[in-house]
Amino acid sequence: MRQRCISGDSHIDLSWLPPDLFVANASSAYRDRMPYVEDTPKGARWTTRSGLHLGFACGLGATGRPYEAGKQERADRMAAEGLFEDGKRGVRRISEPHLRVIDQDRDGVDGEILYGILGMSERLKDEEASIEMLRVYNDWLRTFCSHYPQRLLGLANIPCHTPEMALEEARRVVRLGGLRGLDMAAASPVAKPYYHPDWDPFWAFASEAGMPVHFHTFGPEFPPQWETWDPATKEGARGAAFACGQFFRAARVLTGLVMGGVLERFPKVKIVFAESGVGWIPYILDRMNWSWDEEFRHTLKLSLRPSEYWHRQCFASFQTEESALPVLELVGLDNILWASDFPHPDGIWPDSQAYISKLFGHLSADDRDKVAFRNAAGLYGLPV
C-alpha cells in the first residue's frame, strides 16, 4: 500500500528555469547583470555578460552538470525516465507545474517543499544583482506554486547579506503570499551570525508571520591552499568531502541559534535543516547540554536545556540515512521530515516509496505516517 508522503527537501535549480526568466523580469537597472541562456557547441548553458558560467540548461544537480551515462547511478535512473532527454527538447519537467506533479505521481509523492537558487545567486559575486535575481525567482515561484498550492510548496529565497535586506524581502514575499517558508544561507554571504541582536527584527517577523526558516545543507569549507592542488585530486576529493560533510554548517547554525538565545527569545519560530541528515543531531544535543550544564549555565540566558529547544522548535530532513534509524527517537519522531531530494543525484526519485518502506518499515503505521507525511503537513499548514 502506498504511504502518503511529502518530500521535505526537493529542488528547482537554475538550470531548469525558463531561459529568459531573469532578463525578462529584472528591473531595467539590473537587466544587463542577470544570468541568461546561450547556445554553445557543448549545449545551451547559463551565463552572464561578465562571462560567468552557471551550468548547462536542464543539467544535473544544483550546478547543472551535463549528464554522462554510467557516472552516477541515480542520474542514470532519472535518465531512464526521460528527464534529461526531455530537457534537451526544451521540455522542462522540473519547472513546468503540470509536468512536475506528474513526476510527483510517478514517485508516489503527495507534495514537495521546494528549495531554490540561493547558492547560485551568490556565484554572481554582485550583491545588488544577486538580490534582484532572488526577487525575480521568488515572484516566479509564487506563480509556479499557485497551480497546485497543496503540492508545490515553495520557499522564498532570502538574501542574507545583511539583516535589513533579509527582513525587507521577507516582508515583501509574505505580503504577496503563496509561499510556505523562508530559505536562508547556511554560510556566506552572512556578515553577522544569526544570533547577533541585529537579526532580532527578522526573527520577530518570521515568528509573527508563522513562516518556518530553512537552512539547506552546504558542504565543508576549503582552505585557499586547496587551489594549488593537482586538479584531478582536488576535484575528486572535493566532491567527496562536500557530499559527505553536509552536516557541518548545519551544526554550526543550530548551536548558534540555541546557545545564542534566538530560540529562547522567539519561542514560536520554527527552524528546518534540510539534507544535512539526522544522525549527527543526538551528538550535538548531548554536547550542547553538557556545555550548558558544566560551563555556560550562569553566563547564557537560557530558561531551558539546549536539547529542549530542538524538540520544541526544530526539524531536519533526510532520505537514505540507514545509520540514523537506531537514533530516530533521540532526534524525536516529531522533529523529522522525510525527503526525496528530487531532482538531485543524491536523491531517490522515482523510487521514494521503496525507500520509505525500507527505512521506516520497523516503525508503527502511525509513526511512519508521522515522519513521511504528518510532520510536514502540520509544519506547512496542509490538511492532515
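The values are calculated or read from the model by the stated rules, or taken from the named source; none is laboratory data. Quick caveat: nothing in here was measured; it's all calculated off a predicted structure. When we count neighbours, we look across all protein chains shown, and the Cβ atoms used for this are built from the backbone with ideal geometry, even at glycine.
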Response to the item:
Counting only residues that are part of a helix (DSSP H, G or I) and aliphatic (A, V, I, L, M), the stretch 282-327 contains a total of 6
Worksheet, complete the sentence: Considering only strands (runs of 3 or more DSSP E) wholly within the stretch 1-109, the ones with at least 2 residues that are hydroxyl-bearing (Ser, Thr, Tyr) and touching a residue at least 24 places away in the same chain (Cβ under 8 Å) are 6-11
Item to complete: Could you tell me whether any residue of the stretch 142-150 is in contact with a Leu (Cβ under 8 Å, 6 or more places away or on another chain), not hydroxyl-bearing (Ser, Thr, Tyr) and not in a helix (DSSP H, G or I)?
Response: yes
Item to complete: Return the only residue of Pro212, Pro193, Pro149, Pro189 being modelled with pLDDT under 95 and over 26 Å from Gly64 (Cβ atoms).
Response: Pro193
Fill in: Matching option when the condition is over 21 Å from Phe266 (Cβ atoms), of a type outside the set (Phe, Trp, Tyr), touching a Phe, Trp or Tyr at 6+ places or on another chain (Cβ under 7 Å) and at pLDDT below 55, among Gly245, Gly219
Gly219
Discussion item. I'm checking my understanding of the structure. Among residues of the stretch 326-384 that are touching a strand residue (DSSP E or B) at 6+ places or on another chain (Cβ under 7 Å) and among the polar types (S, T, N, Q), which one is farthest from Ser307 (Cα to Cα)?
Written reply: Ser340
Response to the item:
Picking from Ser291, Ser276, Ser303, the residue that is crowded, with 19+ Cβ neighbours inside 10 Å and on the phi < 0 side of the Ramachandran plot would be Ser276
Item to complete: Could you tell me which of the residues Ser50, Ser95, Ser28 is modelled with pLDDT of 95 or more, among the polar types (S, T, N, Q) and surrounded by fewer than 17 Cβ atoms within 10 Å (Cβ to Cβ)?
Response: Ser28
Worksheet item: When you look at Leu155, is it buried (at least 24 other Cβ atoms within 10 Å of the Cβ), at pLDDT 95 or above and touching a strand residue (DSSP E or B) at 6+ places or on another chain (Cβ under 9 Å), yes or no?
Response: yes
Item to complete: With respect to Ala57, determine if the residue is more than 20 Å from Gly154 (Cα to Cα), surrounded by fewer than 16 Cβ atoms within 10 Å (Cβ to Cβ) and at pLDDT 95 or above.
Response: no
Discussion item. Looking only at the stretch 199-214, filter to residues that are more than 15 Å from Leu257 (Cβ to Cβ) and of a type outside the set (Phe, Trp, Tyr); which one of those is surrounded by the most Cβ atoms within 10 Å (Cβ to Cβ)?
Written reply: Met211
Discussion item. Please count how many residues of the stretch 106-121 are more than 19 Å from Ser317 (Cβ to Cβ) and surrounded by fewer than 20 Cβ atoms within 10 Å (Cβ to Cβ).
Written reply: 1
Practice prompt. For the stretch 42-54, state whether one or more residues are over 26 Å from Ala354 (Cβ atoms) and within 20 Å of the chain's Cα centre (by Cα).
Written response: yes
Worksheet item: Quick one: which of Glu168, Glu132, Glu128 is part of a helix (DSSP H, G or I), crowded, with 22+ Cβ neighbours inside 10 Å, more than 17 Å from the chain's Cα centre (by Cα) and not β-branched (Val, Ile, Thr)?
Response: Glu132
